[in-house]
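For reference, the structure discussed in these notes is given below.
The values are calculated or read from the model by the stated rules, or taken from the named source; none is laboratory data. Computed from a predicted model, the values in this text were never measured in an experiment. Ideal geometry is used to build each Cβ from the backbone, glycine not excepted, and the neighbour counts take in all protein chains shown.
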Amino acid sequence: MAPGNAPTQTVGPVFKSLDEKPTATVSSEVGYDNVRVLPQTPQLIALLSMIRNKDTERADFIFYSNRIIRLLVEEGLNHLPVIEHDVVTPVGRTYNGLMFQGKICGVSIMRAGEAMEQGLRDCCRSVRIGKILIQRDDETAQPKLFYDKLPEDIAQRWVLLLDPMFATGGSAIMAVEVLKSRGVPEDHILFLNLIASPEGVKNFATKFPRLKVVTAFIDEGLDEKNYIVPGLGDFGDRFYTI
Ligand code: PRP
Ligand code: URA
């Protein structure tokens with residue numbers, strides 16, 4: 001009951017009739033085969049609503065971001081190669097299963113991408129993680145590369161590239177160029193991202209058609225300062241400092 005005992009409207013589970021269900025803004029359509037948008041479930045939209053809200057405090061921003069990151073990592077892992085793997089159950093029957101094939105590593109685009117590292121570690125124990133420090137210029141939005149530290153055998157690994165915000169695409173493109181310069185094949189890179197702009201997706205998917213992107217949402221566009229709209233503001237500031 002709401003304050004004053006006024007009845008509240010309950011919304012939600014699938015057994016509600018269509019005209020009782022809430023409507024919500026869902027991700028824009030994507031026209032690229034190599035870009036996968038997470039299913040726009042009520043749960044995902046509710047999590048995104050928490051992190052987009054300007055009044056959400058840092059502890060909640062971190063908690064709900066982490067939940068979305070976990071969904072992205074779980075979906076991202078579905079795009080890695082598997083081989084058949086039969087196992088025998090305790091009742092003596094065979095289950096025709098699967099097993100991951102190959103080595104992986106994470107690479108975070110610092111600073112904000114580091115926020116996605118724990119979600120990857122939670123799913124892939126002891127995963128190796130490299131770093132690329134790229135910062136966007138506040139005025140021009142042009143990315144600048146400062147530093148990278150990557151596993152020496154990265155060319156033999158599947159790379160999960162981590163950055164929550166995908167605005168112009170400049171930072172992600174620069175990071176992929178670093179990875180390619182170390183011998184990582186384009187089709188061995190998977191870019192995991194929370195919120196993308198249509199402009200960023202187009203730039204990136206056109207330039208790297210064999211690289212897969214998994215994102216939670218493609219937003220309306222960019223504002224005059226190249227921030228994603230409606231977006232969530234500056235992810236790094238909200239996760240680490242505000
Ligand atoms: C943000 C974000 C991306 C980049 C996206 O990082 O985490 O790396 O901007 O913008 P783009 O697609 O136009 O390149 P920022 O450089 O602000 O640094 P931060 O991670 O320290 O916040
Ligand atoms: N970086 C962010 O953190 N947010 C944006 O909207 C764009 C770049």
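So here's what we get for this one:
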quantity	calculated
Qualifying residues in region 201-228 (those that are aliphatic (A, V, I, L, M) and under 17 Å from the mean Cα position of the chain (by Cα)) - the one modelled with the lowest pLDDT	Ala205
Number of positions in region 84-105 that are assigned to a strand (DSSP E or B) and surrounded by 10 or more Cβ atoms within 10 Å (Cβ to Cβ)	10
Residue, farthest from Ser181 (Cα to Cα), within region 118-151, restricted to residues that are near ligand 1 (Cβ under 10 Å from one of its atoms) and among the hydrophobic types (A, V, I, L, M, F, W, C)	Ala141
Where Ile242 falls short, out of the listed (1) touching a residue at least 40 places away in the same chain (Cβ under 8 Å); (2) within 16 Å of ligand 2 (Cβ to nearest atom); (3) buried (at least 16 other Cβ atoms within 10 Å of the Cβ); (4) of a type in the set (A, V, I, L, M, F, W, C)	(3)
Long-range neighbours under 6 Å by Cβ, at least six apart or interchain, first residue closer than 18 Å to Ser27 by Cβ within region 203-228, second charged (D, E, K, R) and within 13 Å of ligand 1 (Cβ to nearest atom)	Leu222/Glu199; Ile228/Asp219
In region 79-117, the residues that are within 16 Å of the chain's Cα centre (by Cα) and away from ligand 1 (no atom under 16 Å from the Cβ)	His79, Leu80, Cys105
Subset of region 123-144 [under 23 Å from Thr215 (Cα atoms), within 16 Å of ligand 2 (Cβ to nearest atom) and part of a strand (DSSP E or B)]	Ile132, Leu133, Ile134, Gln135, Arg136, Pro143
